[in-house]
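Inspection log for the structure reproduced underneath, given as structure tokens.
The values are calculated or read from the model by the stated rules, or taken from the named source; none is laboratory data. Note that the structure is a prediction, hence the values are computed from the model and not measured. FYI the Cβ positions are ideal-geometry reconstructions off the backbone, even for glycines, and counts take in every protein chain you see.
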Amino acid sequence: MTEQDAEMTQIDETMLTIGELAARAGVATSALRFYESEGLITSERTDVGHRRFLRSTLRRVSFIRVAQQLGLSLDDIRSSLGSLPDGRTPTREDWTELSQAWRPRLDERISMLERLRDRLDGCIGCGCLSLEACHLFNSGDRAAARGTGARFVVGDPI
């Protein structure tokens, strides 16, 4: 085995192809390319231009996916990952700190979802006046004076 072959074997053991990373992370390869184009993950290129990812990128992709499932925007995720030194993958301590910072946003989201669930069959204050109950809850479209959107769901009193 040549020195170059030994080096490639070592790289292959510590690096993942885009297909391997996608399969392990449960995402499409196009998602990984997108994350890379957004600066959320990085790869190295082989001599022929194939992407290779550090195994630790799997944790980073998992972090991104969980954050997305929590409803965080890519900007929020980018900011969170950017707060880590040297672009490293989040550690357990990092995750604790970042998740604590997200808690108020998640609590508000939970509260909004509960309001939506509880008012789903009634007026949500959108001003549409199309539901049978609108003339009771939102007569004259008084919700419009409070702003745009579903005013009662975002927390305005009925």
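Here Ile41 clears all of (1) more than 16 Å from Met15 (Cα to Cα); (2) touching a Lys or Arg at 6+ places or on another chain (Cβ under 9 Å); (3) free of Cβ contacts under 8 Å to residues at least 24 places away in the same chain except the condition numbered (1).
Is region 101-114 home to any residue that is modelled with pLDDT under 75, loosely packed, with under 14 Cβ neighbours inside 10 Å and either in contact with a helix residue (DSSP H, G or I) (Cβ under 8 Å, 6 or more places away or on another chain) or outside any helix (DSSP H, G or I) (or both)? The answer is no; no qualifying residue exists.
Rundown of residues vs (1) at pLDDT 95 or above; (2) acidic (Asp, Glu); (3) surrounded by 16 or more Cβ atoms within 10 Å (Cβ to Cβ), yes/no style:
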position: Glu7; (1), (2), (3): no, yes, no
position: Gln10; (1), (2), (3): no, no, no
position: Thr17; (1), (2), (3): yes, no, yes
position: Leu21; (1), (2), (3): yes, no, yes
position: Tyr35; (1), (2), (3): yes, no, yes
position: Ile41; (1), (2), (3): no, no, yes
position: Val48; (1), (2), (3): no, no, no
position: Phe53; (1), (2), (3): yes, no, yes
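Of all positions in region 75-86, at least one carries a residue that is without any contact (Cβ under 8 Å) to a residue 60 or more places away in the chain, within 30 Å of Gly155 (Cα to Cα) and hydrophobic (A, V, I, L, M, F, W, C). Only one entry of Asp76, Asp118 meets the criterion of being part of a helix (DSSP H, G or I), modelled with pLDDT under 85 and not small (Gly, Ala, Ser), and that entry is Asp118.
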